[in-house]
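The values are calculated or read from the model by the stated rules, or taken from the named source; none is laboratory data. Keep in mind the model is a prediction, meaning the values are calculated, not measured. Cβ placement follows ideal geometry from the backbone for every residue including glycine, while neighbour counts extend to all protein chains displayed.
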Amino acid sequence: MILTRTNILDRIKSGDLKFEPQIDQFQLQPHALDLRLGYKFLIPKNWVMTNHGRKALNVSIEDVDWHKEQFDEVILEPGQYFDLLPNEFVIGTSLERIEMNAHDLMAILFPRTSTNRRGINLSLSGIIDTGYNGHLIFPMKNEAGNQVLRVYPGERVCQVIFEELKEPLSDDEARMHGLTEAKYSNSGEPKYKVDKSDERELLVSGRLDDLKQKFGL
């Protein structure tokens, strides 16, 4: 069941849902909630300096630490804007920190149609897990031809639909994603974490059949 405006407000009052900063009247929709763009952006790098010289940055799941050097971090001050260059891809963050405290709730993240109409592609169909606690991250790409698209922290760029689960999850069930705990729950600040090492090593070596056999249900 999808929560309506009244249901969302009830869940906020009960503490099942928490937002920091608090949501405002502009954000509350009949059966969804808009989220605002935050101050932090991650910009992909395509080269790094090494002892040997300027080296192209090749991103692969083989490298456990790829996420540490792939991005430059930009944090805006209040009143500043961010120009999204033609065809540029960046990672945006939500202004709100969200807490999913109810064991019978999950959510799905979608772009706002007004964001897409500007030429900003938010490649979203992401799931916000039961028990999630932290800011959200989302990819943003300028697909408006040669236009530079200017965005401001605080813009409403995406929306969340909250859904009730058929039955509540236990703490252990909510934490477990596959064989280990969720990568992003209780993350605080938005960050990347790589996939599980056992899975990654088998994928890189082309041993998909071994993976299925070793970790079959």
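State which residue is surrounded by the fewest Cβ atoms within 10 Å (Cβ to Cβ) when the search covers only the range 108-159 and only residues that are under 18 Å from GLN22 (Cα atoms) and of a type in the set (Gly, Ala, Ser). Within the range 108-159, the match that is surrounded by the fewest Cβ atoms within 10 Å (Cβ to Cβ) is GLY154.
Would you please name the residue that is surrounded by the most Cβ atoms within 10 Å (Cβ to Cβ), looking only at residues in the range 202-217 that are charged (D, E, K, R) and modelled with pLDDT of 75 or more? By that ranking, first place goes to ARG207. Just to be sure before I move on: is THR50 modelled with pLDDT of 95 or more and either out of contact with any strand residue (DSSP E or B) (no Cβ under 9 Å at 6 or more places or on another chain) or closer than 26 Å to VAL151 by Cβ (or both) in the structure I sent? No: the conditions fail for THR50. When the range 54-89 is limited to residues that are assigned to a strand (DSSP E or B) and more than 21 Å from VAL151 (Cβ to Cβ), the one that is modelled with the highest pLDDT turns out to be ARG54. Flag: GLY92 matches the condition of being surrounded by 11 or more Cβ atoms within 10 Å (Cβ to Cβ), assigned to a strand (DSSP E or B), out of contact with any Ser or Thr (no Cβ under 8 Å at 6 or more places or on another chain) and not charged (D, E, K, R). Among all residues of the range 2-11, there is none that is surrounded by fewer than 13 Cβ atoms within 10 Å (Cβ to Cβ), touching a Leu at 6+ places or on another chain (Cβ under 9 Å) and either closer than 22 Å to ILE91 by Cα or of a type in the set (Asp, Glu) (or both).
Selection over the range 146-180 of residues that are at pLDDT below 60, not in a loop (DSSP other than H, G, I, E, B) and not hydroxyl-bearing (Ser, Thr, Tyr) gives a count of 1.
State whether one or more residues within the range 20-41 are within 26 Å of GLU167 (Cα to Cα), of a type in the set (S, T, N, Q) and either in a strand (DSSP E or B) or within 19 Å of the chain's Cα centre (by Cα) (or both). Yes.
Close Cβ contacts (under 8 Å, 6 or more residues apart or on different chains) running from residues in the range 70-89 that are of a type in the set (Val, Ile, Thr) to residues that are surrounded by 11 or more Cβ atoms within 10 Å (Cβ to Cβ) comprise VAL74/LYS40; VAL74/PHE41; VAL74/LEU42; VAL74/ILE43; VAL74/PHE82; ILE75/TYR39; ILE75/LYS40; ILE75/PHE41.
Restricting the range 95-145 to residues that are assigned to a loop (DSSP other than H, G, I, E, B) and among the hydroxyl-bearing types (Ser, Thr, Tyr), the residue that is nearest to PRO168 (Cα to Cα) is THR130.
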